[in-house]
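Take a look at the structure below.
The values are calculated or read from the model by the stated rules, or taken from the named source; none is laboratory data. The structure displayed is predicted, hence computed values, not measured ones. Cβ: placed from backbone, ideal geometry, glycine included. Neighbour counts: every protein chain shown.
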C-alpha cells in the first residue's frame, strides 16, 4: 500500500514515520508538502508529530489552515484512512476532523517518557492486529497533550466506542498516576464517528524496533496495512 506523510514547516517526525512504513514494513511512502492539494494516490495519510509552524498561536492551529488540510478533509470524508500522531492529533482537532482540544499538560511540564496504552477496541482499521485489552508500550513526547472536551462530548466518545487507546498502568488500570498529561478519562487516542480517522498523542513510530525498547507500534501500522489489503478489490478509492 501507499502512505502519504504530511510535512509542514516545523514537522520532525516525518522521517521516523517514513522509516517505519517503508524501511521496516516494506510499504511505499512519500512525503506530502503542506501546499499539496490532492491526496488521491494514497491509501493512508499520516500527519506526524513535530512543531508545525513553531506551534505559534496554538499547537496545530496554523497547520490546520494549510492547503493540504483541505485535501485531508476531502480524503477523510471520502473514507480515506488518516492517522494524526502527537502534533498531528492537535492538527486534526484544530481542523475540526476530531472533537476536543489538546491543552497544556496538567503539570505544566514537557514529558518525554514511556507510557502504557490499553487497547479499547480491536475492530478498527488501526487496531485489528491487537487483542482486546492489550497493553501497548508507546512513548509520549509533548508539552500540550492534555485532551479536553466538554462532558457531553466525552460521554458521546465513550458511548460510541471512539476512545481507542487509554493511558493505563502495567496491569491495565486507567489510574491517575499512569496519565502523563492529565487527559480527561485517561484518553490517549480517539477516532472520528466513521472510524477512519485516528488521533493519538503517543508516538507509535518510536516503538517499532526492539533496539528502541518496544515493537508495539508496529501493531498499529500493520493494522492499517491489513485493513487496506482486506478491502474489497471492487471498492473505488474515493478521495
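A few points about this structure:
- Of the residues making up the range 165-224, those that are farther than 17 Å from residue 114 by Cβ, assigned to a loop (DSSP other than H, G, I, E, B) and either touching a helix residue (DSSP H, G or I) at 6+ places or on another chain (Cβ under 6 Å) or in contact (Cβ under 8 Å) with a residue 12 or more places away in the chain (or both) are 182, 192, 193, 194, 195, 196.
- Screening residue 40 on (1) at pLDDT 95 or above; (2) more than 14 Å from the chain's Cα centre (by Cα) shows it passes everything except condition (1).
- Some residue of the range 154-171 being in contact with a strand residue (DSSP E or B) (Cβ under 9 Å, 6 or more places away or on another chain) and on the phi > 0 side of the Ramachandran plot: yes
- Scope the range 45-65; condition assigned to a loop (DSSP other than H, G, I, E, B), surrounded by fewer than 22 Cβ atoms within 10 Å (Cβ to Cβ) and either at pLDDT 95 or above or touching a helix residue (DSSP H, G or I) at 6+ places or on another chain (Cβ under 8 Å) (or both); matching residues: 51, 58, 61, 62
- Enumeration of residues in the range 103-144 that are within 22 Å of residue 12 (Cα to Cα), surrounded by 19 or more Cβ atoms within 10 Å (Cβ to Cβ) and touching a strand residue (DSSP E or B) at 6+ places or on another chain (Cβ under 6 Å): 105, 115, 138, 139, 140, 144
- Residue in the range 34-44 that is part of a helix (DSSP H, G or I), touching a strand residue (DSSP E or B) at 6+ places or on another chain (Cβ under 8 Å), buried (at least 24 other Cβ atoms within 10 Å of the Cβ) and touching a residue at least 24 places away in the same chain (Cβ under 8 Å) present: no
- For residue 98, the conditions (1) over 14 Å from the mean Cα position of the chain (by Cα); (2) assigned to a loop (DSSP other than H, G, I, E, B); (3) on the phi < 0 side of the Ramachandran plot are fulfilled apart from (1).
- Residue 6 vs. criteria part of a strand (DSSP E or B), modelled with pLDDT of 95 or more and closer than 20 Å to residue 229 by Cα: no
- Single residue of the range 14-28 satisfying the filter (in contact with a strand residue (DSSP E or B) (Cβ under 6 Å, 6 or more places away or on another chain) and surrounded by 23 or more Cβ atoms within 10 Å (Cβ to Cβ)) that is nearest to residue 97 (Cα to Cα): 17
- For the range 146-164, filtered to residues that are out of contact with any helix residue (DSSP H, G or I) (no Cβ under 8 Å at 6 or more places or on another chain) and assigned to a loop (DSSP other than H, G, I, E, B), the residue that is farthest from residue 120 (Cα to Cα) is 150.
- All positions within the range 208-221 that are surrounded by fewer than 23 Cβ atoms within 10 Å (Cβ to Cβ) and either closer than 27 Å to residue 69 by Cβ or in contact with a strand residue (DSSP E or B) (Cβ under 6 Å, 6 or more places away or on another chain) (or both): 214, 216
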